[in-house]
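*Asks:* Here it is, the structure, as structure tokens.
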Amino acid sequence: MGRAFTLRRSFGYGAFVAMSNLAAAFVLAAAPADAEAVTIAALGDSLTAGYGLPVDEGFVPQLEAWLEANGADVDLINAGVSGDTTAGGLSRAAWTLTPDVDAMIVTLGGNDLLRAIDPANSRANLRGILEAAQEADVEVLLVGLEATGNYGPDFKQAFDIMYVDLAEEFDVPLYPNFFAGLLDAAGVQSEVARYMQRDGIHPNAEGVAEVVEAIGPSVLALIDSVE
């Protein structure tokens, strides 16, 4: 751009100036307007918040970096609170869904599972979050978890199926298991510890990277649905 202005001053010809202005006008008319970044709120618990990790190694920063490396213009808001249950997420949903939020990733239920909260209650809370998003006209990616068998088969079935049922009820995409990428990378149960922090609950930075690599395409699809 600076070279064009230099040429204009050097020659000073009216025809050159007119042609330059015409060319500039053509470029401006042909170019699409700059698209604003898609703002996504990641509503969740410690898995979203990045518990036990340096700030830039948590789920949200790693996911945002992955999305940008794959061509997305996106701003991710870390709305993860360590220890939050689905009830806590529901209590925060309304003020998380500010007017500038275009989409939301919902990753909740882990603490409900750890506390053996009745899946019927967890389902009702997740439904409330999805209703709030629907009312705000915000696209959602629902991220599920798979229960262990600690509380019996009935509990596991009720917990696992609630994500599937709610995704169908609200017609939102479902990413079935937050840990899918990590488990695939581990291959066998004995290797899972390599990707986990010492507490055996939260992924380490390498584990988060595997989670992000796997869920990233689903978030790209979420961005496309907004655009």
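The values are calculated or read from the model by the stated rules, or taken from the named source; none is laboratory data. Since this is a predicted model, take the numbers as computed values, not measurements. Here Cβ is always computed from backbone atoms with ideal geometry, including for glycine, and neighbour counts include all displayed protein chains. Surface accessibility is based on the protein's heavy atoms, side chains included, excluding ligands, DNA and RNA. Shrake-Rupley method; radii C 1.70, N 1.55, O 1.52, S 1.80 Å.
*Asks:* Run down Arg92, Arg115, Arg123 and say which single residue is open to solvent by 20 Å² or more (accessible area, probe 1.4 Å), in contact (Cβ under 8 Å) with a residue 40 or more places away in the chain and within 24 Å of Gly52 (Cβ to Cβ).
*Replies:* Numbers: Arg115 fails: in contact (Cβ under 8 Å) with a residue 40 or more places away in the chain; Arg123 fails: within 24 Å of Gly52 (Cβ to Cβ).
Testing whether each residue is open to solvent by 20 Å² or more (accessible area, probe 1.4 Å), in contact (Cβ under 8 Å) with a residue 40 or more places away in the chain and within 24 Å of Gly52 (Cβ to Cβ) leaves just Arg92.
*Asks:* Can you tell me which condition Ser190 does not meet? The list is (1) at pLDDT 95 or above; (2) small (Gly, Ala, Ser); (3) assigned to a helix (DSSP H, G or I), and all the others hold.
*Replies:* Of everything listed in (1) at pLDDT 95 or above; (2) small (Gly, Ala, Ser); (3) assigned to a helix (DSSP H, G or I), Ser190 misses just condition (1).
*Asks:* Could you check, for the range 193-205, whether at least one of its residues is open to solvent by less than 60 Å² (accessible area, probe 1.4 Å) and at positive phi? First the steps, then the outcome.
*Replies:* Narrowing the range 193-205 to residues open to solvent by less than 60 Å² (accessible area, probe 1.4 Å): 195-197, 200, 202-205.
Of the ones still in play, those that are also at positive phi are 200.
The answer is yes, given that some residue of the range 193-205 is open to solvent by less than 60 Å² (accessible area, probe 1.4 Å) and at positive phi.
*Asks:* So if I check each of Leu182, Leu222, Leu166, which one is modelled with pLDDT of 95 or more and either under 14 Å from the mean Cα position of the chain (by Cα) or open to solvent by 10 Å² or more (accessible area, probe 1.4 Å) (or both)? Step through it out loud before you land on a result.
*Replies:* Working: Leu182 fails: either under 14 Å from the mean Cα position of the chain (by Cα) or open to solvent by 10 Å² or more (accessible area, probe 1.4 Å) (or both); Leu166 fails: either under 14 Å from the mean Cα position of the chain (by Cα) or open to solvent by 10 Å² or more (accessible area, probe 1.4 Å) (or both).
Result: Leu222 is the single residue among Leu182, Leu222, Leu166 that is modelled with pLDDT of 95 or more and either under 14 Å from the mean Cα position of the chain (by Cα) or open to solvent by 10 Å² or more (accessible area, probe 1.4 Å) (or both).
*Asks:* Within the range 33-51, track down each residue that is touching a residue at least 60 places away in the same chain (Cβ under 8 Å), of a type outside the set (Ser, Thr, Tyr) and in contact with a Gly (Cβ under 9 Å, 6 or more places away or on another chain).
*Replies:* Across the range 33-51, the qualifying residues are Ala42, Leu43, Gly44, Asp45, Leu47, Gly50.
*Asks:* Something else now. Just checking, which of Ala209, Ala205, Ala193, Ala133 is more than 15 Å from the chain's Cα centre (by Cα) and under 28 Å from Asn70 (Cα atoms)?
*Replies:* On the way: Ala209 fails: more than 15 Å from the chain's Cα centre (by Cα); Ala193 fails: under 28 Å from Asn70 (Cα atoms); Ala133 fails: more than 15 Å from the chain's Cα centre (by Cα).
From the options Ala209, Ala205, Ala193, Ala133, the qualifying one is Ala205.
*Asks:* Out of (1) of a type outside the set (Asp, Glu); (2) in contact with a Pro (Cβ under 9 Å, 6 or more places away or on another chain); (3) free of Cβ contacts under 8 Å to residues at least 12 places away in the same chain, what's the single condition that is false for Leu142?
*Replies:* It fails just one condition, (3).
*Asks:* Hey, can you tell me all the residues within the range 126-139 that are open to solvent by 60 Å² or more (accessible area, probe 1.4 Å) and either in contact (Cβ under 8 Å) with a residue 60 or more places away in the chain or on the phi < 0 side of the Ramachandran plot (or both)?
*Replies:* Let us first name the residues in the range 126-139 that are open to solvent by 60 Å² or more (accessible area, probe 1.4 Å), namely 127, 131, 134-135, 137, 139.
Within the range 126-139, Arg127, Glu131, Gln134, Glu135, Glu139 qualify.
*Asks:* Pick from the range 131-163 the residues that are polar (S, T, N, Q) and at pLDDT below 95: which of them is nearest to Val101 (Cα to Cα)? Let's see the steps before the verdict.
*Replies:* To start, the set of residues in the range 131-163 that are polar (S, T, N, Q) comprises 134, 148, 150, 157.
Applying the additional criterion that residues be at pLDDT below 95 yields 148, 150.
Working: Thr148: 34, Asn150: 37 Å.
Among residues in the range 131-163 that are polar (S, T, N, Q) and at pLDDT below 95, the one nearest to Val101 (Cα to Cα) is Thr148.
*Asks:* Condition (residue is touching a helix residue (DSSP H, G or I) at 6+ places or on another chain (Cβ under 7 Å) and modelled with pLDDT under 95) applied to the range 73-95: is it met by at least one residue?
*Replies:* Step one: filter the range 73-95 for residues touching a helix residue (DSSP H, G or I) at 6+ places or on another chain (Cβ under 7 Å), giving 74, 76, 78-87, 89-90, 93-94.
Restricting the remaining residues to those that are modelled with pLDDT under 95 gives 94.
Yes - at least one qualifying residue is present in the range 73-95.
*Asks:* Related question: Can you name every residue in the range 151-167 that is within 14 Å of Val106 (Cβ to Cβ) and of a type in the set (Lys, Arg)?
*Replies:* Residues satisfying the conditions do not exist here.
*Asks:* While we're here: Could you tell me how many of the residues in the range 65-88 are under 30 Å from Phe159 (Cβ atoms), open to solvent by 20 Å² or more (accessible area, probe 1.4 Å) and among the hydrophobic types (A, V, I, L, M, F, W, C)?
*Replies:* Here the count works out to 5.
*Asks:* Going by what's in this entry, would Leu22 be described as at pLDDT below 95 and either open to solvent by 70 Å² or more (accessible area, probe 1.4 Å) or β-branched (Val, Ile, Thr) (or both)?
*Replies:* Here the answer is yes, as Leu22 does meet what is asked.
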